[in-house]
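A.B. asks: The structure's right below; bear with me while I get my questions together.
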Amino acid sequence: MALDNGAAAGYIKHINAIYIFRHIRYKWYLHMDKQEIISILDKWNFWNQKINTGFQRSGYLGKMERYLKMPEIIALTGVRRSGKSTIILQVIEKLIQSGVKPTNTLYVNFEEPKFGSGSNDALLPEIFDAYMEFFDPKGKVYLFLDEVQLIYKWERFAVSLHDRRENIKIFVTGSSSKLLMGEISSLLSGRYISETIYPLSFKEFLAAENIKTAPLIKSPRIYKKLREYVEFGGFPRVALEKDIFNKKIILTEYFNSILEKDVILKHAVKNVKDIKELINFVLSNVANEVSSYNVEKLFGISSQNARRYFEHLNEAFLFQFSPFFSFSVKKQIYNPQKVFAIDTGLVNAASFKFSDDIGRLLENIVAVEFLRRNQRLFYWKNGTEIDFVLRIGRQADELVNVCYSLNKRTLAREIESLERGLSEFKEAKAKLIYWEGKPVKHDKIEFQNILDFLLASAD
């Protein structure tokens, strides 16, 4: 489509502005000497100081200690503020405690504004060269690259370093689910291990407050904490904050920051109004089915744009989508998907109120816990609905429903739903997870209290 003179002039002006901006930042960076680079790095590293590494997440830290013994590049992904950086700092602290010299570790935070534009592919090698020249470390070097997706062609540097240096261990983190996809995945093939970092599990949430769960006593205090967890979620900083008003402020800031940095700016979203309308729609429908068709019908946003926005939200780890369970790929694609927020605190913060529909939030909590346990989620519907279909290979292995209260009406409904699911998937097991009420004996359905489910987590 041809541009009119005014539009063309505006476009050219825009391109020139971008070019000038990048050129200035690039030139500014090139004038940084190595001493200046080291001075910037110094405030983030353990070289001359102790750093507060916060609450230890023993499950993840145990995995990291095993990964340290392996030659592969370790990639940590997950939603912003989930604790990736803290885990990295805890790994460094453990290394130093084990006898590694602090100067044999290098932590680089690429959200440091003084490092300038991520479009500069010379940045990373310049930082590493400055570090090597300044410290000349003997023995194994441990390199930690935080929010590495901000750096253009970071993967080429990482692969080159990994392949030509035996005495180096590389960790990278990123707030994008596509950090290791496409061309990057091909380049790193066979050279990396990935781990998704989630906000605190309920078990971690209790541990952060020094609440013991072994043996588990289903006390009013534990249920009160569970309600707090459902309302404010598991982001570490939020969990450790005591003031409720401050919790809400932090969550709102997190949500806005993720939306701005990892969705709108990253993908250059032009129609901010449309994506905010879509997000509000998704937030009000957690644990429900959503589709691009419904979005188009309700808001006039094209199906194509809606699908693209859904992908952006998923890539930023804000939301996870559960497809319809079917052996037909076509049916999976053409049926709506169920949507779950990565953290229920974000749902309540963004909607500016604690939802009264605790049943859907409880289902969301269960969904994230399944994801934490490396389960891929599906749902099923055929006159009745199964909240979660867990599979082994292509086969349905377990059918799971979630409800808040086992009153007479909900009990009958959930049992009927699971029985119909079992008649469809004859080899599957069935489970009903509940908050309160008295379970009944059933030959084919297991009843599990929500506390028993959540605290069975390995973390």
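The values are calculated or read from the model by the stated rules, or taken from the named source; none is laboratory data. Please read all numbers here as calculations on a predicted model, not as lab measurements. Every residue, glycine as well, gets a Cβ built from its backbone with ideal geometry; the counts of neighbours run over all protein chains shown.
A.B. asks: Could you list, in sequence order, the residues of the range 65-84 that are closer than 26 Å to S160 by Cα, crowded, with 20+ Cβ neighbours inside 10 Å and not β-branched (V, I, T)?
C.D. replies: Scanning the range 65-84 gives A75, L76, G78, K84.
A.B. asks: Scan the range 426-436 residue by residue and report those that are assigned to a strand (DSSP E or B) and in contact with a helix residue (DSSP H, G or I) (Cβ under 7 Å, 6 or more places away or on another chain).
C.D. replies: Passing the criteria: A430, L432, I433, Y434, W435.
A.B. asks: Which of (1) at pLDDT below 95; (2) assigned by TED's automatic domain parsing to the domain that holds N109; (3) surrounded by fewer than 21 Cβ atoms within 10 Å (Cβ to Cβ) does I168 not meet, given it meets every other one?
C.D. replies: Result: I168 passes all but (1).
A.B. asks: Which residues, counting only those in the range 86-134, are in contact (Cβ under 8 Å) with a residue 40 or more places away in the chain and in a loop (DSSP other than H, G, I, E, B)?
C.D. replies: Within the range 86-134, V100, F110, E112, G116, S117, S119, N120, A122 qualify.
A.B. asks: Let me ask something additional. Within the range 361-382, is even one residue without any contact (Cβ under 8 Å) to a residue 12 or more places away in the chain and touching a helix residue (DSSP H, G or I) at 6+ places or on another chain (Cβ under 6 Å)?
C.D. replies: Taking every residue of the range 361-382 in turn, none turns out to be without any contact (Cβ under 8 Å) to a residue 12 or more places away in the chain and touching a helix residue (DSSP H, G or I) at 6+ places or on another chain (Cβ under 6 Å).
A.B. asks: How about the range 369-411: which of its residues are closer than 20 Å to S326 by Cβ and not in a strand (DSSP E or B)?
C.D. replies: F370, Q375, R376, L377, N382, G383, T384, G393, R394
A.B. asks: Filter the range 225-250 down to residues that are in contact with a Phe, Trp or Tyr (Cβ under 6 Å, 6 or more places away or on another chain) and among the hydrophobic types (A, V, I, L, M, F, W, C) and give me whichever is surrounded by the most Cβ atoms within 10 Å (Cβ to Cβ). Steps first, please.
C.D. replies: Looking only at the range 225-250, we keep the residues that are in contact with a Phe, Trp or Tyr (Cβ under 6 Å, 6 or more places away or on another chain), and these are 229, 231, 234, 238-239, 247.
Subset that is among the hydrophobic types (A, V, I, L, M, F, W, C): 238-239.
Working: V238: 24, A239: 21.
Only one residue fits best here, namely V238.
A.B. asks: So, one more: Looking at F327, is it modelled with pLDDT under 85, over 21 Å from S177 (Cβ atoms) and either among the polar types (S, T, N, Q) or in contact with a helix residue (DSSP H, G or I) (Cβ under 6 Å, 6 or more places away or on another chain) (or both)?
C.D. replies: no
A.B. asks: Quick one: which of L313, L278, L298, L346 is without any contact (Cβ under 8 Å) to a residue 24 or more places away in the chain, of a type outside the set (D, E, K, R) and not in a loop (DSSP other than H, G, I, E, B)?
C.D. replies: Just a single option satisfies the conditions, and that option is L298.
A.B. asks: I'd like to check something: does the range 251-263 contain any residue that is crowded, with 18+ Cβ neighbours inside 10 Å and over 16 Å from the mean Cα position of the chain (by Cα)?
C.D. replies: For the range 251-263, residues crowded, with 18+ Cβ neighbours inside 10 Å and over 16 Å from the mean Cα position of the chain (by Cα): absent.
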